[in-house]
Structure formats: structure tokens, C-alpha cells
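J.: Would you mind keeping the following structure in view while I ask a few things?
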Amino acid sequence: MIELDGVGKTFNTRQGHSHTALQDIALSIPAGRFVSILGPSGCGKSTLLYMLGGFESCSSGQIRVKGKPITGPGPDRGPVFQEYALFPWKTVLGNVAYGMREQGMPKAQAEQRASEWLDKVKLGPYAAFYPRELSGGMRQRAAIARTLAYEPDILLMDEPFGALDAHTRVTLQTELLSLWEQLRNTVVFVTHGVDEAVFLSDTVIVMTGSPGRIKEVVEIDLPRPRIRSEL
Ligand code: ATP
Ligand code: MG
């Protein structure tokens, strides 16, 4: 369970002004849910995700995971952000093993697990490639594998498929859902796409901007599997 209680974020800008990005966010996300966050550009979606990840502090209120206030990043929360790009100097296998090595896993075991995860995201034959040798979709698959491999309870995804072409996006959405149906971890997924949110999620949180607030929480009552006509 993730609980947000009166959460706000005010940034002090370089010009000496303050800017309230988020105000009074109250939310409970039960474990095992797939939740999407939708809202206009600048409404604070990424900021909210960084705060859930522990990369930004709250200016007011509190975020609790399993009842405990979060104090920083932790292996229970795995980010897949566009900024968390793959390391260009490591191979695909090295990148995926890295997350587990960071959690203290011995090298041989981490590499074994990394290669199993590469098979799951259909990158088995690309283990020795460097990120620059992969397409955008393949890189995002590798980034997802790197995070899922250390088994975070909560997956935090910031527009992970935003930069991909429509066909690759639908393929990766379907793959993510089928992985999630096996793992059943909690996913918080930021997107601009209403159809993506409805396809993937149990719950859609709709935000408004200036300052960012929650406008609506919509439960999606569609049975899985959901068929996509684009495929
Ligand atoms: P987009 O859909 O374009 O990604 P977003 O909803 O993710 O937008 P955020 O990136 O969270 O929006 O930004 C929310 C607001 O907070 C914006 O007005 C932005 O300028 C401001 N902001 C974000 N990070 C900082 C920062 N480090 N310092 C100052 N202001 C910031
Ligand atoms: Mg953003």
C-alpha cells in the first residue's frame, strides 16, 4: 500500500521565486494495482513520481509505503524514467546486471539472472550489444528488464513508451502487461495517452495543473485481457 497524505511540492526557482508544483495530494494505492497518472504538461506528474521514488522530498505532507514514511530511494521502488538511460559504456547484459549488483548480488548470479531477464524481454541475442547498437524500443525493454530484475515491489514508470513509434508502443504495452500479470507488483505509470492508461490500468488518476492536484480517480472496470485493435 502506498499512501499520500496532504503531499505538496514547492520549488524555489533560480530567479528567487517559489513555484508550487503540487498541492494537497491525497491518495491510497493498494499493493498489486496498476495505476496510471494522466494530466496536462507541467501538472506535476514527473515530480510526483520522483517523490514516490524518494528522489525529491515532500515540501508538505507525507508519503508512506507499507505504513513507513519514505526517506529516500530504496530497492522496493524501481524507476523506469527516460532520464535513467542505460549506461552507454556497459553492454546490455552489464546494464541489466547492474541493478542487481547495486543490491549486493554476486556478479555470476547477477549475470545469470540478467540473461534470464533478457530472454523474457526478447533481448537474449543482444546481451553483448551496447545501447547505441539497439533501437529505441529495445533500449526501453533493456531498461525495464534492468529494473524488474531486482524485483521492486513498486514500479515507477514515467512515459516509458512516449518516444516510441505507435507499433512498438503497442507491442511494449502488451509485453509489459503480460509481465505484470505474472509479477503483480504495484505499478505507477505516468502517460499522456488516455488509451494507453485505459488499456493498461486498474485505476486512472487524472490531474490538473497550476498547482498540480488530483481532479478525478477513475476505476477502469474492463476485464483482462483487453484487446487492442491497432495490433
Ligand atoms: P510533462 O507532461 O511535460 O512531463 P509533468 O506533469 O511531468 O509535465 P513536472 O515535470 O512534474 O510536470 O513539472 C511540474 C512543474 O514543476 C513545472 O511547472 C516545472 O517547471 C516545475 N519543476 C519541476 N522540477 C523543477 C525543479 N527542479 N525546479 C523548479 N521547478 C521545477
Ligand atoms: Mg513529466
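J.: With the condition kept exactly as written, say whether any residue in segment 127-145 is under 22 Å from A31 (Cβ atoms) and under 14 Å from the mean Cα position of the chain (by Cα).
T.: yes
J.: Of the residues I70, I63, only one is of a type in the set (A, V, I, L, M), more than 23 Å from S178 (Cα to Cα), open to solvent by less than 10 Å² (accessible area, probe 1.4 Å) and more than 12 Å from ligand 1 (Cβ to nearest atom); which?
T.: I63
J.: Based on what the data block shows, is S46 open to solvent by less than 50 Å² (accessible area, probe 1.4 Å), within 16 Å of the chain's Cα centre (by Cα), under 21 Å from D153 (Cα atoms) and more than 9 Å from ligand 1 (Cβ to nearest atom)?
T.: no
J.: Quick one: in segment 161-180, of everything that is surrounded by 16 or more Cβ atoms within 10 Å (Cβ to Cβ) and outside any helix (DSSP H, G or I), which residue is modelled with the highest pLDDT?
T.: Top of the filtered list is F161.
J.: Let me ask something additional. From R101, R132, R141, which residue is of a type in the set (K, R) and either outside any helix (DSSP H, G or I) or under 20 Å from L176 (Cβ atoms) (or both)?
T.: R141
J.: List the number of the failed condition for Q82; all other conditions in (1) assigned to a loop (DSSP other than H, G, I, E, B); (2) away from ligand 1 (no atom under 16 Å from the Cβ); (3) at pLDDT below 95 hold.
T.: Condition (2) is where Q82 drops out.
J.: Tally up the residues in segment 195-214 that are open to solvent by 10 Å² or more (accessible area, probe 1.4 Å), in contact with a strand residue (DSSP E or B) (Cβ under 8 Å, 6 or more places away or on another chain), within 16 Å of ligand 2 (Cβ to nearest atom) and not in a strand (DSSP E or B), please.
T.: Selection size over segment 195-214: 2.
J.: Checking the conditions here, which among A145, A108, A128 is crowded, with 16+ Cβ neighbours inside 10 Å, modelled with pLDDT of 90 or more and closer than 25 Å to P88 by Cα?
T.: A145
The values are calculated or read from the model by the stated rules, or taken from the named source; none is laboratory data. Please read all numbers here as calculations on a predicted model, not as lab measurements. Neighbour counts are summed over all protein chains in view; Cβ atoms, including those assigned to glycine, are modelled from backbone coordinates with ideal geometry. Calculation scope for accessible area: heavy atoms of the full protein, side chains included, ligands and nucleic acids excluded. Shrake-Rupley method; radii C 1.70, N 1.55, O 1.52, S 1.80 Å.
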